1. Taking amide H positions as placed in the peptide plane 1.01 Å from N, state which residues far from B:Cys306 in sequence (5 or more) or on other chains have amide H under 5 Å from it.
2. Quick one: work out the % antiparallel among DSSP beta bridges in the protein assembly as shown, nearest 5.
3. From the phi angles alone, apply the Karplus equation (6.51, -1.76, 1.60; θ = phi - 60°) to region B:225-241 and give each ³J(HN,Hα) in whole Hz, x where the residue is Gly or Pro.
4. Run down the lysines and flag those whose C-alpha is under 21 Å from the C-alpha of B:Lys217, throwing out any fewer than 8 positions away in its chain.
5. Return the percentage of antiparallel bridges among DSSP beta bridges fully within region A:1-115, rounded to the nearest 5 %.
6. Amide H of A:Asp55 versus every other amide H placed in the peptide plane: which residues, excluding those fewer than 5 positions away on the same chain, fall under 5 Å?
7. Whole angstrom only: what separates the Cα centroid of region A:209-278 from the Cα centroid of region A:295-339?
8. Farthest toward the dipole's positive end in chain B, which of B:Gly208, B:Leu115, B:Leu294, given Cβ charges of +1 (Lys, Arg) and -1 (Asp, Glu) about the Cα centre?
Number of protein chains: 2
Amino acid sequence: MNSTVVTGIGELVTCDGTDPDLLGIRSNAALVVEDGMIGWIGLAADAPAADTRIDVAGRVIIPGFVDSHSHLVFAGDRSAEFVARMTGQPYDGGGIGVTVASTRTATDDELARLLGSRIDEMRALGTTTVEIKSGYGLTVADEARALQIARQFSTETTFLGAHVIPAEYLHDRPGYVDLVTGPMLQAAAPYARWIDVFCEPHSPHAFGADEARQILKAGAAAGLGLRVHANQLGPGPGVQLAVELGAASVDHCTYLEDADVDALAAAAETTVATLLPGVEFCTRSPYSDAARLLAAGVSLALATDCNPGTCYSSSMPWVISLAVREMGFTPAQALFAATAGSAKSLRRTDIGRLVPGNRADLTVLDAPSYLHLAYRPGVPIARALSLTAAAEMLAE
Amino acid sequence: MNSTVVTGIGELVTCDGTDPDLLGIRSNAALVVEDGMIGWIGLAADAPAADTRIDVAGRVIIPGFVDSHSHLVFAGDRSAEFVARMTGQPYDGGGIGVTVASTRTATDDELARLLGSRIDEMRALGTTTVEIKSGYGLTVADEARALQIARQFSTETTFLGAHVIPAEYLHDRPGYVDLVTGPMLQAAAPYARWIDVFCEPHSPHAFGADEARQILKAGAAAGLGLRVHANQLGPGPGVQLAVELGAASVDHCTYLEDADVDALAAAAETTVATLLPGVEFCTRSPYSDAARLLAAGVSLALATDCNPGTCYSSSMPWVISLAVREMGFTPAQALFAATAGSAKSLRRTDIGRLVPGNRADLTVLDAPSYLHLAYRPGVPIARALSLTAAAEMLAE
């Protein structure tokens, strides 16, 4: 067994409680990592001996960010669409087809290389777990291929054959739902932990409530957990459908009616509302009202939604800064949502919190306090701590 | 003479014109650096021989960002004030006194170390020129000291004794103006290129129009160029005063009346309006309307205003992304304002544009197009290119 003691921690943020206002911050703390797991946390003065020692020189240690919503398996560039949107063109989901075309023609190696470089970028910004959706293949073979590639990088893979209705099925929606719930699900399920649907009556490209219910139920029957894209472009049935079906996460939640908030609050143990402020930034949408959701007792997560159309950012610190500026999160609530909250949305208890027995997914901040995640927007102060490389990096 | 040829440039953004909509983009280009200056730009196929060769592997090269407004000489932490403001407390300039107290008690070495690390952070984010203001000393000795330290890192130093009225002069404003225009100016001028005033009748801590005029005229008489903090907290006389006195830059411009816009448009050759969207983000202020200013023909710059109170960000890419999302800049206009525009606000023609004879201050983007500065918010895709370190860095 290989053990490492981490000392010199200016502030240890454990997120070891259940109250998003409390981060379980410890001073004068040290922790011991044993074979990738947290073996011990306590006062530095009491730290046991270990094979190696890393001194982080007063920096902050937080749980690695859990980015619980991303679409990283893609090829092609949509910066021109972004520019058009910044000059007033609205988003309706139609641009997804552009990425589908590029992704279908890319080789496996190219997709794996692109995905790997995006995950490296995320780690360099402090993310240690990332959920990865398919959804730019939209054929049986291309969806299975995307998930096989994603599975090389993450266990949190999500089958999103129901991302949009592909162009070739626009006049046969029931035919596409049959494909998604039949052969495509069968081919995808071995490589997926989750199933997801873009439930959005406001987009002709997305799925209505009945279609979404049918797809999610088929996924559950195949043993997959449920996630839903809902209420992104306007009020709709998605949030209540997600709660009704016991989904682990309902994502976007930009437009919520009181009944949606009530349903989310009542389901707080089961269903997490995952907010995606980067999308609202990049699509000029109104921001979700996190303060309202927190007051109601809703469980919240924050994620990037990193994707080439509506938010090509991999930065959880930037998401946190936006959540504080625009959504009514306090810095503590935002960090909790980006770690323990997003872990809960993946039904994981071994990540997102630094407690003995959990994975030692540590992120280090070049700052005296976690407050700097919001206080220093756009500055890359966070990075995932590689224990093997750490001594060298921190000596710089 | 040492020469380096830079090849493999995916997109060379020169900003070599005067129209902010046109970036002077060249394809298949190479450039030669001779002793830190640009010696040649042309088609890669025609590149002359050089001592060394750097291949940037398809990346974008842009002029290094010119961050024409910063307050980097300070000690202490104001993250708690930031959190208070995010939960509703308004900004009135009063927090500056907290930093004044911390800065006065810091040693020269500590201030130089802190300043150096902030400039390193900026270079790592693509900035190659930074203007640095004093203004956290507010005594004769402390202001001179701040400028002496700043001068070790930049030629663009600005005497800002008139940042706020220090607590000890709150009941003797004329006495403080006499100090600033007398002994403090005399002590500061040898280390400063510019003088600046926080002209803001909406803050009891800042200076009114008559006070500001007196201070700026004294600075001009001492040979300093003029800059003004104006119209940040509400409409006021600052913009028109800056134009009247021929200031090189008038900064913030958050609240403008039609007469202010007209004055800035008429003075476009002389006076640049420097917009600071990061401040508006971090103080929950409305954003300046850049589209209105561009339509009127006003010369614009973008800068961070990096400081511990109202915007502790050193990231020009983040500023560009905000300018596009919130102020009505196109990505091209924002990049022009952050390079050629901010160089103009410093009355410099040797930086901010990549043309033969100019400084070879190159910034490289890990992206296929400059559009990614806005398209990838929060992602550190830009870095200043160190020619000596480049071969190693780019090989990674």
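Values in this text are rule-based calculations from the coordinates and carry no lab data. Everything numeric here is computed off the predicted structure, so don't read it as measured data. Virtual Cβ from ideal backbone geometry, glycine too; neighbours counted across all protein chains shown.
1. B:His71
2. Taking every DSSP beta bridge within the protein assembly as shown, about 40 percent pair in antiparallel fashion.
3. x, 10, 9, 9, 7, 9, 6, 7, 9, x, x, x, x, x, 4, 5, 5
4. B:Lys217 reaches B:Lys133.
5. 65 percent
6. A:Thr7
7. 18 Å
8. After comparing all options, I get B:Leu115.
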